[in-house]
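Notes to accompany the following structure.
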Amino acid sequence: MTRDLTMAGGLLFVSQALLDAWAGQGRIDLDGRSIALLDGQARGRRYELDPAVRFLRVAGGGDDALGLVARVKTLAQVREIGGEPMADSVVVGEVAYEVEPGFLAEASAVEAASRAAPAAAPAPAADGSRALPRDLEDRRREAEALARFLLDNLS
């Protein structure tokens, strides 16, 4: 039996979208297996990441006989239970789950990155367009709101 690592050992699940947003803002340097903070007291400190998924729902609305919905599992744990990760889904036996890809990171890294000041915004293009596409900016705001909620309510 694998253990659920949602909060075990001071680890938090961080979605790939949130990490991408922080990297785009210049808060972190992301190299795939770790992040380095680019601002604040922990500037330069590198934190290891463990690839993981958050189980959102059973695809097609089926029964969650394995009890995985709302759980976070590392990719190693997914494979231990016979799961096969594929982009934003995981198939375990006959059941397909929709998942959110991401990583487990130390809670202190998540807190420090969420509090870091974004790098100075790039100057607008000559045509006056925004530096980030609208949908990416919306996703960034949603990711920051989720991070604030998690830090405020799971500490």
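Okay, here's what the table says:
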{"quantity": "Search result, residues across the stretch 42-57 that are within 14 Å of the chain's Cα centre (by Cα) and not in a strand (DSSP E or B)", "calculated": "Leu49"}
{"quantity": "Subset tally (residues that are under 17 Å from the mean Cα position of the chain (by Cα) and open to solvent by 40 Å² or more (accessible area, probe 1.4 Å)) for the stretch 78-99", "calculated": "4"}
{"quantity": "Filtered residue count, the stretch 5-20, keeping only those that are open to solvent by less than 40 Å² (accessible area, probe 1.4 Å), closer than 16 Å to Pro101 by Cα and modelled with pLDDT under 90", "calculated": "1"}
{"quantity": "Candidates Ala65, Ala105, filtered to the one that is farther than 19 Å from Glu144 by Cα, small (Gly, Ala, Ser) and either surrounded by 16 or more Cβ atoms within 10 Å (Cβ to Cβ) or out of contact with any Cys (no Cβ under 7 Å at 6 or more places or on another chain) (or both)", "calculated": "Ala65"}
{"quantity": "The one condition in (1) under 21 Å from the mean Cα position of the chain (by Cα); (2) part of a helix (DSSP H, G or I); (3) at pLDDT below 95; (4) surrounded by fewer than 17 Cβ atoms within 10 Å (Cβ to Cβ) that Gly60 fails to fulfil", "calculated": "(1)"}
{"quantity": "Of the criteria (1) surrounded by 15 or more Cβ atoms within 10 Å (Cβ to Cβ); (2) in contact with an Asp or Glu (Cβ under 9 Å, 6 or more places away or on another chain), which one Ala42 fails", "calculated": "(2)"}
{"quantity": "Leading residue by the ranking (surrounded by the fewest Cβ atoms within 10 Å (Cβ to Cβ)) among those in the stretch 68-77 that are assigned to a loop (DSSP other than H, G, I, E, B) and not charged (D, E, K, R)", "calculated": "Ala70"}
{"quantity": "Members of the stretch 78-109 found to be modelled with pLDDT under 95 and either in contact with a His (Cβ under 7 Å, 6 or more places away or on another chain) or in a helix (DSSP H, G or I) (or both), listed by number", "calculated": "Ala107, Ser108, Ala109"}
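The values are calculated or read from the model by the stated rules, or taken from the named source; none is laboratory data. Because the structure is predicted, anything quoted here is derived from the model rather than measured. For neighbour counting, all protein chains shown are included, and Cβ atoms are generated from backbone atoms with ideal geometry for every residue, glycine included. These area figures cover heavy atoms from the full protein model, side chains too; ligands, DNA and RNA do not enter into them. Shrake-Rupley method; radii C 1.70, N 1.55, O 1.52, S 1.80 Å.
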